[in-house]
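> One structure, pasted below without further comment.
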Amino acid sequence: MKKDFLESRLFTPWSDPVSGVTSYVLTQRVAPVQQSFYYVNQSLNSDCTQYWFYCAFPPSGNANSGRCLGMADLEGGNLSYFPDTQFTMASPLLDSETGDVYWANESGVWKRSFEEDPTLVGRFPDSVTRKRKVSRYATHLSLSANRQALGIDGTIGEDNVVGSLLLENGDIEIWQTLEPNWNHGCFHPKDPDLMLLAQDYRQDAKTGSLKRYENRLWTIRRGGVPQAVYPDAVDEEYSTTASYSHLDEVPVEVTDRRSMHGHEWWSAEGRRIWYVHYKQGVECVDLDGRQCRLVWPHQTVSHAHSDTQDRWLVMDSLPPDSPLDHKVTFANLQNGRSIDIVSLMDQVPPELKKYHVHPHPQFCGNDQYICYTTLVMGKVDVAFVRVADLLEKTSD
């Protein structure tokens, strides 16, 4: 029987003082700041022998650019750091089958493995950039269902371009060029010609003022234009004042529920879209947009993720006006019970906020584990928890 990698000397167990849930913190280090990947991108390979994570060396870099990748050899008990993997946004993606890790920066999209040096996958040709600055190739890279392409949601000058990068030859096919700000593109898990796409806030470069999006959730098909998941206002009578945990923003008056949607992801089989409805909870909607439902009420939820069979959720809460409610929570949708993985997450030191230090919990390792970013040991660390332990604590 294969030994559980959490028993490695790389990890130190930590038990939440309230819930008793035990997490395993990656306390061996190659960088002062070690973070888990953005929650929609895999970082643990299929046989649970390699785990990739973000590295930062304060005061250099920030969440937009300047971080690099580290890798934990979970069999050998060693850590490696790769300074040649500097990436932008949350672009890194692990192909859990091949062990190749992909990332993007201003010079293109790259890949490497533990054994092999970086190679260029592809970049925009001069005929597309026309000497304009390329500030993004992808918010977070995604692999097409046929494994032939990576999703592109780039920014060139003032244009947003949505498309795909062919892995065979590095060519980039632009599906559409859009006005800002569209991002968070993500390939459908079964349909290689369909992507999830988000409208997002836009910040004025001169004044710093933010313009909120009005309708968050969209899809786009190769050769088509963006289509709204919710084409009409959900409730014209809806009105609330809300602040957003992922933005340092003054509360704004919201009159359309679609502008309260965010942090979306595909279900594993692709039949529905999950998302956070701020101030309300975690919701999902059928791909055709005809049936939506509130799955888990949670007024302070910031990010969430589901397992591959939609049996469980894991969420983080980062309400800006209630620091004592910062936590990570597991919900068993089969019986309606939940438990906190972290009942009180320490506050991020001001000098580290630029690295976007959110837990971003995600299911991984064939749903055997949840990985997330934690501060419970006084540093920015990666942690894992066994799903089996959570199910035992939430059983009937």
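The values are calculated or read from the model by the stated rules, or taken from the named source; none is laboratory data. Source: prediction; values computed, not measured. Quick reminder, even Gly has a Cβ in these numbers, built from the backbone with ideal geometry, and neighbours come from all protein chains shown. When the accessible area is computed, the model is the full protein with side chains, heavy atoms only, and any ligands, DNA or RNA have been set aside. Shrake-Rupley method; radii C 1.70, N 1.55, O 1.52, S 1.80 Å.
> Is segment 381-396 home to any residue that is modelled with pLDDT of 95 or more, touching a helix residue (DSSP H, G or I) at 6+ places or on another chain (Cβ under 9 Å) and open to solvent by 10 Å² or more (accessible area, probe 1.4 Å)?
Scanning segment 381-396 turns up at least one residue that is modelled with pLDDT of 95 or more, touching a helix residue (DSSP H, G or I) at 6+ places or on another chain (Cβ under 9 Å) and open to solvent by 10 Å² or more (accessible area, probe 1.4 Å).
> Further question on the same structure: Which one of these is at pLDDT below 95, among the hydroxyl-bearing types (Ser, Thr, Tyr) and touching a strand residue (DSSP E or B) at 6+ places or on another chain (Cβ under 9 Å): 46, 8, 15?
Numbers: 46 fails: touching a strand residue (DSSP E or B) at 6+ places or on another chain (Cβ under 9 Å); 15 fails: at pLDDT below 95.
That would be 8, the only listed residue that is at pLDDT below 95, among the hydroxyl-bearing types (Ser, Thr, Tyr) and touching a strand residue (DSSP E or B) at 6+ places or on another chain (Cβ under 9 Å).
Here's the yes/no breakdown for (1) out of contact with any Phe, Trp or Tyr (no Cβ under 6 Å at 6 or more places or on another chain); (2) aliphatic (A, V, I, L, M); (3) surrounded by 14 or more Cβ atoms within 10 Å (Cβ to Cβ):
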| site | (1), (2), (3) |
| --- | --- |
| 105 | no, no, yes |
| 111 | no, no, yes |
| 128 | yes, yes, yes |
| 135 | yes, no, yes |
| 164 | yes, no, yes |
| 167 | yes, yes, yes |
| 179 | yes, no, no |
| 202 | yes, no, yes |
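> Any chance you could count how many residues in segment 204-230 are assigned to a strand (DSSP E or B) and either loosely packed, with under 13 Cβ neighbours inside 10 Å or not hydrophobic (A, V, I, L, M, F, W, C) (or both)? I'd like the intermediate steps shown before the answer.
If we filter segment 204-230 for residues that are assigned to a strand (DSSP E or B), which is where we start, we get 210-211, 217-221, 227-228.
Add one more test, that the residue is either loosely packed, with under 13 Cβ neighbours inside 10 Å or not hydrophobic (A, V, I, L, M, F, W, C) (or both), and what stays is 211, 219, 221, 227.
So the count comes out to 4.
> Just to check your reading of the model, which residue among 257, 272, 290 is under 23 Å from residue 325 (Cβ atoms) and of a type in the set (Lys, Arg)? Write out each step before concluding.
Details: 272 fails: under 23 Å from residue 325 (Cβ atoms); 290 fails: under 23 Å from residue 325 (Cβ atoms).
After applying the criteria, what remains is 257.
> Within segment 126-158, track down each residue that is of a type outside the set (Asp, Glu), outside any loop (DSSP other than H, G, I, E, B) and without any contact (Cβ under 8 Å) to a residue 24 or more places away in the chain.
Of everything in segment 126-158, just one residue is of a type outside the set (Asp, Glu), outside any loop (DSSP other than H, G, I, E, B) and without any contact (Cβ under 8 Å) to a residue 24 or more places away in the chain, namely 127.
> Exactly one of these conditions fails for residue 74: (1) touching a Gly at 6+ places or on another chain (Cβ under 6 Å); (2) over 20 Å from residue 359 (Cα atoms); (3) crowded, with 21+ Cβ neighbours inside 10 Å; (4) not acidic (Asp, Glu). Give me its number.
Checking residue 74 against (1) touching a Gly at 6+ places or on another chain (Cβ under 6 Å); (2) over 20 Å from residue 359 (Cα atoms); (3) crowded, with 21+ Cβ neighbours inside 10 Å; (4) not acidic (Asp, Glu), the one that fails is (1).
> In the list 212, 221, which residue meets the criterion of being in contact with a strand residue (DSSP E or B) (Cβ under 7 Å, 6 or more places away or on another chain) and at pLDDT 95 or above? Explain how you work it out, then say what you get.
Details: 212 fails: at pLDDT 95 or above.
The conditions single out 221.
> Would you mention how many residues in segment 349-387 are touching a residue at least 24 places away in the same chain (Cβ under 8 Å), more than 23 Å from residue 282 (Cβ to Cβ) and assigned to a loop (DSSP other than H, G, I, E, B)?
Summing the residues that are touching a residue at least 24 places away in the same chain (Cβ under 8 Å), more than 23 Å from residue 282 (Cβ to Cβ) and assigned to a loop (DSSP other than H, G, I, E, B) in segment 349-387 gives 5.
> Any chance segment 291-300 includes a residue that's touching a residue at least 12 places away in the same chain (Cβ under 8 Å), closer than 25 Å to residue 389 by Cα and outside any strand (DSSP E or B)?
yes
> Where residues in segment 1-40 are in a loop (DSSP other than H, G, I, E, B) and among the polar types (S, T, N, Q), which of them is farthest from residue 82 (Cα to Cα)? Talk me through it step by step, then tell me what you get.
Let us first name the residues in segment 1-40 that are in a loop (DSSP other than H, G, I, E, B), namely 1-4, 8-10, 16-21, 27-32, 36-40.
This time we only want the ones that are among the polar types (S, T, N, Q), so: 8, 19, 27-28, 36.
Values: 8: 22, 19: 37, 27: 18, 28: 16, 36: 16 Å.
My answer is 19.
> Could you please find all residues in segment 336-379 being touching a helix residue (DSSP H, G or I) at 6+ places or on another chain (Cβ under 6 Å) and buried (at least 17 other Cβ atoms within 10 Å of the Cβ)?
339
> Would you say residue 233 is aliphatic (A, V, I, L, M), exposed (fewer than 15 other Cβ atoms within 10 Å of the Cβ) and modelled with pLDDT under 95? So that I can check it myself, show each step before the final result.
Values: aliphatic (A, V, I, L, M): yes; exposed (fewer than 15 other Cβ atoms within 10 Å of the Cβ): no; modelled with pLDDT under 95: yes.
Answer is no for this residue.
> Out of the residues in segment 41-56 that are in a loop (DSSP other than H, G, I, E, B), among the polar types (S, T, N, Q) and open to solvent by 10 Å² or more (accessible area, probe 1.4 Å), which is farthest from residue 141 (Cα to Cα)? Can you show your working first?
Step one: of segment 41-56, the residues in a loop (DSSP other than H, G, I, E, B) are 41-43, 45-49.
Okay, now just the ones that are also among the polar types (S, T, N, Q), so 41-43, 45-46, 49.
Imposing the further condition that a residue be open to solvent by 10 Å² or more (accessible area, probe 1.4 Å) reduces the set to 42, 45-46, 49.
Numbers: 42: 10, 45: 16, 46: 18, 49: 22 Å.
Among those that are in a loop (DSSP other than H, G, I, E, B), among the polar types (S, T, N, Q) and open to solvent by 10 Å² or more (accessible area, probe 1.4 Å), it is 49.
> Only one of (1) open to solvent by 50 Å² or more (accessible area, probe 1.4 Å); (2) free of Cβ contacts under 8 Å to residues at least 60 places away in the same chain; (3) assigned to a loop (DSSP other than H, G, I, E, B) fails for residue 59. Which number is that?
The failed condition is (2).
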